[in-house]
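Peer 1: Quick one: structure below, then a few questions.
Taken together, the values in this text are just the output of simple stated rules run on the coordinates, not laboratory data. What you see is a predicted model; the values in this text were computed from it and never measured. A quick note on method: Cβ atoms are made from the backbone with ideal geometry, for glycine too, and the neighbour counts reach across all protein chains shown.
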Amino acid sequence: MDIENVGGTPGGTRTFLLGMIMTITGGYLLFNQVQVHGGYWNWGGFGGAGRSFGITLLPLLFGIGILFANGRSFVGRVLTFGGALVIVAGVIANLDIHFQQTSLWNTLTMLVLLVGGIGLVVRSALPMTKAPDAAAPGGSEPQP
């Protein structure tokens, strides 16, 4: 294994590692500033109640009841799986995501770390050539 040649291209190991550290740090700091609030479907005007959680439980409960009576029932399995899927979809569809108040400096720091890190990871996959040493023959210093 050649650790100096990340992604099969010459060089880039240090760039890749720095990019990963920056990306992970920026992503953590950004996600740490986000608050997620859950809710459930609101059907305005549906029976005047406005909430729908109870009605989406019905297929799940009927499916579970059928499965207790006959564990091999195809209808019971479909109702149970479908009811659970509707409940999970309802919760995910109604998540409220809010960015907590923070300073402009902190926000810019988070975003620069995240985007700069991604840029370094992409750059590390490109071929990198080493700069010629100044003291080596063919370098920028004149030879005596």
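Peer 1: As an exercise, use a Förster radius of 30 Å and the Cβ-Cβ distance of F74 and V36 to find the FRET efficiency, rounded to the nearest 0.05. Before the final figure, lay out the partial values.
Peer 2: Values: r = 36 Å, r/R0 = 1.22.
Efficiency, rounded to the nearest 0.05: 0.25.
Peer 1: For Q100 and R123, calculate 0.36 nm times their separation in residues minus their Cα-Cα distance, and state this gained length in nm to one decimal.
Peer 2: Numbers: separation 23, 0.36 × 23 = 8.28 nm, distance 3.19 nm.
Extra length available between Q100 and R123 comes to 5.1 nm.
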